[in-house]
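Readers should treat all values here as calculations from the given coordinates under stated rules, not as data from a laboratory. Keep in mind that this is a model prediction, so the values were computed, not measured. Here the Cβ is made from the backbone with ideal geometry for all residues, glycine too, and neighbour counts use every protein chain on show.
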Amino acid sequence: MEAKRAESAALLPAIQESIKKTIADYKSGANKSQIITTASGLKYIVHETGTGPKPQVGQVVSTKYYGTLMDGKMFDNSFERGQDLQFPLGQGQVIKGWDEGFALLPVGSKATFLIPSELGYGAAGSPPVIPANSELLFYVELVGAK
């Protein structure tokens, strides 16, 4: 477990730099051509397309993730823990932006989700870490689906 945590933590500097660049490019419009927007308002950028199948509703998804506010302030990530998060897709156990976003990615994909407030924590936020009406950014790696 400790080796896995160290391996995951070693990826953090590159992920943090990538997130900084994504936020700056998003605010300036430089990455506009890379962003896919769904009907609900979820925006996402695929950095690497996986070769596995897309997960189906009800399957348990495994992911690595790094979540920030749009000012770049990290509020949670699985890389430091060295443990993937698992959740059943489409069952409302995670924010709506995740249920929608992970269904769009083949297993093995690496992507960034830009999640509007209404697909995140909405007007309530998640005090004290996530203020009300916050747009969220998640760098994600879809590890598996069973």
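For the chain, set up a GNM with springs between Cα atoms under 10 Å and report which of GLY120, GLY67, GLY41 has the largest fluctuation.
GLY41
Near the amide H of VAL107, under 5 Å away, which other amide H atoms are found, from residues 5 or more places off or on another chain, if H is placed in the peptide plane?
Distant-sequence amide H within range of VAL107: GLY52, LYS54.
Could you work out how much longer the chain between GLU7 and LYS146 gets when fully extended? Use 0.36 nm per residue separation minus the Cα distance between them, nm to one decimal.
47.6 nm
Can you list residues from other chains, or at least 5 along the same chain, whose modelled amide H is less than 5 Å from the amide H of ASN31?
TYR26
Mean 1/r over all different Cα pairs, inverted: what Kirkwood radius does the chain give, in Å? Don't jump to the answer; show the numbers that get you there.
Numbers: mean 1/r = 0.0649 Å⁻¹.
By the Kirkwood definition, the hydrodynamic radius is 15.4 Å.
Given the pairs LYS32/LYS54; LYS54/LYS96; LYS27/LYS73, which span a C-alpha to C-alpha distance of over 19 angstrom in this model?
Numbers: LYS32/LYS54 25 Å; LYS54/LYS96 17 Å; LYS27/LYS73 15 Å.
Violating the 19 Å limit, Cα to Cα: LYS32/LYS54.
About its Cα centre, what dipole magnitude does the chain give when the only charges are +1 on Lys and Arg Cβ and -1 on Asp and Glu Cβ, stated in debye to the nearest 20?
Roughly 140 debye for the chain.
May I ask for the distance between the Cα centers of region 20-36 and region 49-96, given as a whole number of Å?
21
With labels modelled as points extended 7 Å from the Cα through the Cβ direction, what inter-label distance (nm, one decimal) is found for SER40 paired with SER18?
Those two pseudo-labels are separated by 2.3 nm.
Quick check: residue separation of ALA30 and VAL60 times 0.36 nm, minus the Cα distance between them. What number comes out in nm?
Gain on extension, ALA30 to VAL60, equals 7.3 nm.
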